[in-house]
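The values are calculated or read from the model by the stated rules, or taken from the named source; none is laboratory data. None of these values were measured; they are calculated from a predicted model. Every residue, glycine among them, receives a Cβ derived from its backbone with ideal geometry; neighbour counts consider all protein chains shown.
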Amino acid sequence: MAAVVRTGRKGEREGDDVGGSRTPPSGSARLDTGVAHNARVWNHWIGGRDNYEVDRRVGDHVASIIPVIRDIARADRDFLGRAVTYLTRERGVRQFLDVGTGLPTADNTHEIAQRVAPDSRIVYVDNDPLVLAHARALLTGSSEGATDYIDADVRDPEAIVERAAATLDLARPVAVMMLGILNFVLDTGEARDIVRRLVAAVPSGSFLVLTHPTFDPEVGGELQVPAMEFWNENATPPITARGAADITAFFEDLELVEPGLVSCSRWHAPSDSAVVVPQYGAVAVKP
């Protein structure tokens, strides 16, 4: 059974810890501080404090293999800000389903969206017990809108959609956010199926927002291979990179927003001087 924590006007139920978090339910993954974990290492790369010595040690070694890894982490975060601002301000999106949330940091999805449109509604999804423990920071949105956190696995899209419906109106457009999450689904066919099922659950006018690491040399991805080999031997969960063709295929039957699939640092960047990183990003609309 998944833990749900919520705030905002819609769907508050007796017994919910409004604005807070619950202890992970029986059967949830325990917090293992002896093995480097992606959420904590990523937090280290972007300058956060929610990490342990093992995370810093592994993260620093990865950075010695692929020195742009910190640039990748920052570029991915900046892409999130530009994409959410674009969707809220220019496309009128007021609902976001953020799958694979990661640890809270500055300018989370709800903060960016509600800064432009205070009535925005955001549902965060993750199954990392450390993220669940920090869910309170994700539930401090505006009184006009709503924020929600669901403890669920990306591999169970139907459960995600069912629980998200307590906060989101699935008859209205939703931006499905999948930043740096499909790289943890090692089988490409399974990853495509997950995207199809999530996109099928939202109406026309909805958006898919996605970033994904790549080994394509055109964007400097050659060093992803040895870095990921080290990661998969020393940290969790296992990770993979994909080429542009496979990543583009995630947007099947959708219409890519210009400039299409590009290094996430270059998507709607304020200038052409942004460092190119081996992490693709794109936004697409469901016709």
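The set of residues from the stretch 150-181 being of a type outside the set (Lys, Arg), more than 28 Å from Gln279 (Cα to Cα) and not in a helix (DSSP H, G or I) comprises Ala165, Ala166, Thr167, Leu168, Asp169, Leu170, Ala171.
Of the set (1) of a type in the set (S, T, N, Q); (2) surrounded by 24 or more Cβ atoms within 10 Å (Cβ to Cβ); (3) not in a strand (DSSP E or B), all apply to Thr147 but (3). Tell me which residues, restricted to the stretch 231-265, are under 18 Å from Phe184 (Cβ atoms) and either touching a strand residue (DSSP E or B) at 6+ places or on another chain (Cβ under 7 Å) or of a type in the set (D, E, K, R) (or both). Correct list: Glu233, Asn234, Ala235, Thr236, Ala241, Arg242, Asp246, Ile247, Phe250, Cys264.
From the list Asn51, Asn38, which one is crowded, with 19+ Cβ neighbours inside 10 Å and farther than 22 Å from Leu210 by Cβ?
After ruling out the rest, the residue left standing is Asn51.
In summary, Met178 fulfils each of the numbered conditions (1) under 17 Å from the mean Cα position of the chain (by Cα); (2) under 12 Å from Arg242 (Cβ atoms) with the single exception of condition (2). Could you tell me whether any residue of the stretch 211-221 is of a type in the set (Asp, Glu) and in contact with a Pro (Cβ under 8 Å, 6 or more places away or on another chain)? Within the stretch 211-221, one or more residues are of a type in the set (Asp, Glu) and in contact with a Pro (Cβ under 8 Å, 6 or more places away or on another chain).
If only residues of the stretch 117-132 that are part of a loop (DSSP other than H, G, I, E, B) and closer than 23 Å to Gly47 by Cα are counted, the one that is modelled with the lowest pLDDT is Asp128.
Do we find that Gly92 is surrounded by fewer than 20 Cβ atoms within 10 Å (Cβ to Cβ), at pLDDT 95 or above, more than 22 Å from Pro238 (Cα to Cα) and over 16 Å from the mean Cα position of the chain (by Cα) in this structure? It is true that Gly92 is surrounded by fewer than 20 Cβ atoms within 10 Å (Cβ to Cβ), at pLDDT 95 or above, more than 22 Å from Pro238 (Cα to Cα) and over 16 Å from the mean Cα position of the chain (by Cα).
For (1) within 30 Å of Val93 (Cα to Cα); (2) touching a Phe, Trp or Tyr at 6+ places or on another chain (Cβ under 7 Å); (3) buried (at least 20 other Cβ atoms within 10 Å of the Cβ), each residue gets a yes or a no:
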{"residue": "Val161", "(1), (2), (3)": "yes, no, yes"}
{"residue": "Arg172", "(1), (2), (3)": "yes, no, no"}
{"residue": "Met177", "(1), (2), (3)": "yes, yes, yes"}
{"residue": "Ile181", "(1), (2), (3)": "yes, no, yes"}
{"residue": "Ile194", "(1), (2), (3)": "yes, no, yes"}
{"residue": "Leu198", "(1), (2), (3)": "yes, no, yes"}
{"residue": "Phe207", "(1), (2), (3)": "yes, no, yes"}
{"residue": "Thr214", "(1), (2), (3)": "yes, yes, yes"}
{"residue": "Trp231", "(1), (2), (3)": "no, no, yes"}
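Tally up the residues in the stretch 201-221 that are of a type in the set (Gly, Ala, Ser) and under 20 Å from the mean Cα position of the chain (by Cα), please. Matching residues across the stretch 201-221 total 2.
Which of the residues spanning the stretch 237-278 are at pLDDT below 95, more than 17 Å from the chain's Cα centre (by Cα) and not aliphatic (A, V, I, L, M)? Answer for the stretch 237-278, where residues must be at pLDDT below 95, more than 17 Å from the chain's Cα centre (by Cα) and not aliphatic (A, V, I, L, M): Pro270, Ser271, Asp272, Ser273.
Scanning the stretch 96-155 for residues that are among the aliphatic types (A, V, I, L, M), touching a strand residue (DSSP E or B) at 6+ places or on another chain (Cβ under 6 Å) and touching a residue at least 60 places away in the same chain (Cβ under 8 Å) yields a total of 8. Exactly one residue among Ala135, Ala164 is more than 24 Å from Pro213 (Cα to Cα) and over 15 Å from the mean Cα position of the chain (by Cα), and that residue is Ala164. The number of residues in the stretch 256-277 being farther than 15 Å from Arg74 by Cα, in contact (Cβ under 8 Å) with a residue 24 or more places away in the chain and of a type in the set (Val, Ile, Thr) comes to 1. Could you check, for the stretch 182-196, whether at least one of its residues is in a helix (DSSP H, G or I), modelled with pLDDT of 95 or more and of a type in the set (Lys, Arg)? Looking for residues that are in a helix (DSSP H, G or I), modelled with pLDDT of 95 or more and of a type in the set (Lys, Arg), one finds at least one in the stretch 182-196, hence yes.
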